[in-house]
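Data block below; observations after.
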Amino acid sequence: MKACIITEHQLWNDFIASSSCCNITQSYEWGELAPYLEAQALRVGVIDDSGTGKLCAAMLILVSRAPVLNRTYFYAPRGPVIADPASPAMTVLLNFVKAEARRRHAFMLKVEPSVPADNVQWLSALQRHGFCTNPYATHVRHEWVLDIRPDEKALLAAMKEKWRYNIRLARRKGITVRRGEGQADLDTFYRIYETTSERDQFFIHKKSFYEDFFRLCREEDRAALFLAEYEDQAIAGIIVITLGPWSWYMYGASSNEHRERMPNHLLQWTGMQWAKAKGCWYYNFRGIPDVLEEGQELWGVYLFKRGFSGYPLRFLETHDLVYQPLTYQVYRKLLDVKRWRDEQHARKRSD
């Protein structure tokens, strides 16, 4: 087997989609968005030795620069993707990445695999390869997932009663949901998304990021924009993306008007129905609080997602493979300072 840079879109996505480690942030499309993340994409794959030319391991790496330190590092969001992390393919993959790191003067490789936190096989393999744990996650570790394989009647029955009621209420209150098409609908979504960002105080990318992501996934009908309207006025929207058996509620927007008509409940149900019709098994609502206690950041978001039924999925802790120890020590100290400042800022806001 051998490792190399992969440039073939279909080969890459077919492997990621079929893997138990499938995640949208390891897709070919996510690499195309690297410039928006102030990074370069590096797709490294290991070709198996069966002669079929198929992949047996892959890792989308974002070649980034650490703030303040201004030094290059490698980051694999929800990667690497491999069935057995203890297999020889993992060694081949990491050796190739190390050579690339040396060539690009990267001081570390940061990985956050798409596997549960208690996966002993992965923990042991990463330790054997020299990785150390890092308590500061780049990607939110805790997500809320719903198994959408049961029929629609069973899915509705598993929801909290109030959530079923709100789905029906939205329809009775005149809310309609349609699938968005074209630039005008993306413009509408982004306008509402800006309102949501200002109200709830979270970062959003510039509009072209969402346009490009939507366009890239839409080419294979793996992306859907749904808009909730009242009296022909869009008041909320969601973007759902699929890959393999998974679907993700990627982005959600809601205006300040007509929120009492519960458009968001009907939107989520519509997104689930679409993903189910596409053959997906799971609907990932994405981020929830790291600690499920009232008062935590994202607590209200968690309560909303939990109402649809499902379960929490905590991913493996962040692991770093250090190539330049001295630079890495400075990097970790800077992370400690940043965490302290963030905590101080959060305290001031709550006072």
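The values are calculated or read from the model by the stated rules, or taken from the named source; none is laboratory data. Because the structure is predicted, anything quoted here is derived from the model rather than measured. Cβ sites come from the backbone with ideal geometry, for glycine too, and all protein chains shown count toward neighbours. Heads up: the accessible areas ignore ligands, DNA and RNA and are worked out on the full protein's heavy atoms, side chains in. Shrake-Rupley method; radii C 1.70, N 1.55, O 1.52, S 1.80 Å.
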Round to a whole number: what % of the accessible area of segment 96-207 belongs to carbon and sulfur, probe 1.4 Å?
51
Partner aspartates and glutamates for LYS333 [C-alpha distance under 18 Å; skip if fewer than 8 residues away on the same chain]
ASP320, ASP342, GLU343
Among GLN329, LEU42, LEU303 the positive-end extreme of the charge dipole of the chain (Cβ point charges)
GLN329
Compute, for segment 86-168, the length of the dipole vector about the Cα centre, with Cβ point charges of +1 (Lys, Arg) and -1 (Asp, Glu) only. Units Debye, rounded to 20.
260
Which lysines, on any chain, are close to LYS54 with Cα under 20 Å apart, when same-chain ones fewer than 8 places away are left out?
LYS2
For PRO67, net neighbour charge (Lys/Arg +1, Asp/Glu -1) across residues whose Cβ lies under 12 Å away
+2
What lysines does LYS348 reach when the alpha-carbon gap must be under 16 Å and sequence neighbours fewer than 8 apart in one chain are set aside?
LYS338
Run through segment 92-200 and list the GluC sites (Glu not before Pro) located in a DSSP loop whose Cβ has at most 10 other Cβ atoms within 10 Å.
none
Between the DSSP loop rule and a limit of at most 11 other Cβ atoms within 10 Å, which trypsin sites (Lys or Arg not before Pro) in segment 180-268 are left?
LYS206
Low-density loop cleavage sites - chymotrypsin sites (Phe, Trp or Tyr not before Pro) in segment 201-253, where at most 14 other Cβ are within 10 Å (DSSP)
PHE202, PHE203
Beyond a 28 Å Cα-Cα separation, which of these cross-linked pairs lie in this structure: LYS160/LYS207; LYS160/LYS276; LYS153/LYS278?
LYS160/LYS207
Pulled fully out, how much extra length does the chain show between LYS338 and LYS54, if you take 0.36 nm times their separation in residues and subtract their Cα-Cα distance?
98.0 nm
